[in-house]
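As structure tokens, the structure follows; a few thoughts come after it.
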Amino acid sequence: MIELRASDLGDTHAIASAIAGVVRPRDLIVLVGEMGAGKTAFATGFAKALGVHGDDHVSSPTFTLMHSYTSGRIPLHHVDLYRLTSLAEVADLGIRELLDMGAVGLVEWGDVASEVLGDGLSVTLVADEDDEDARMISVSVDGHAWDTRWELLKTALRSWTLR
């Protein structure tokens, strides 16, 4: 696990950008955190780093379930599972199939559906109780998709690393 501290929104965007610099097609990033923890802020920085055009405003897909952005270097599917109530609903979205076609997925609230989503990188964001602008961010991996890139990811994130 990599533990990080983002002092402000700019740091959250920069951390997301650093991770985006290491992703490749078929990667899944699960965003974990309470309401207001910064999941959508992370997604904004991530999308910008992939080269998603500024005309494509990145917002939480809470009511539409998924926003797709194809203007960047890798297609991005940003999914929000908050309103779904069953694993079958998650499976019906076809997230893995979309990734298998060469996209990257960012899934908010995806920790509740890990058995359907499969292997990926988990990014957990927690608001700092003492500083409303700061976030504690931990990055961990499920499966082996990041084995060959883990050291590269650690290097990319070292500016914000706690340990």
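Odds and ends about this structure:
- C-alpha long axis of helix 9-20 to longest principal axis of the chain, angle in °: 60 degrees
- DSSP-defined beta bridges in the chain - what % are antiparallel, rounded to 5: 60 percent
- Calculated SAXS-style log₁₀ I(q)/I(0) at q = 0.14, 0.17 Å⁻¹ - the chain, Debye, Cα scatterers: -0.64, -0.98
- Helical content of the chain, expressed as a calculated mean residue ellipticity at 222 nm, amounts to -7500 deg cm²/dmol (DSSP H runs of 4 or more residues, -39,500 (n - 2.57) each, divided by residue number, nearest 500).
- Size of charge dipole - the chain - debye, nearest 20, with Cβ of Lys, Arg +1 and Asp, Glu -1, no other charges: 620 debye
- Model label points for residue 66 and residue 140, set 7 angstrom from Cα along the Cα-to-Cβ axis, are 2.7 nm apart.
- Using a simple spin-label model with pseudo-atoms 7 Å out from Cα toward Cβ, residue 9 and residue 152 lie 3.1 nm apart.
- Charge-dipole axis of region 2-160 as Lys and Arg at +1 and Asp and Glu at -1 on Cβ define it, positive-most pick from 29, 155, 10: 155
- Listed residues 52, 139, 42: farthest to the positive end of the dipole of the chain (Cβ charges): 52
- Within the listed set 77, 13, 53, the residue fluctuating most in the Gaussian network model of the chain (springs between alpha-carbon atoms under 10 angstrom) is 53.
- Helix 39-50 and the long axis of the chain differ in direction by around 90°, with both axes built from C-alpha atoms.
- Sum of side-chain charges, residue 99 neighbourhood, beta-carbon under 11 Å (Lys, Arg +1; Asp, Glu -1): -1
Any read-out appearing in this document is the output of simple, stated calculations on the displayed coordinates, not a laboratory observation. Just so you know, these numbers come straight off a predicted model, no measurement behind them. Every residue, glycine as well, gets a Cβ built from its backbone with ideal geometry; the counts of neighbours run over all protein chains shown.
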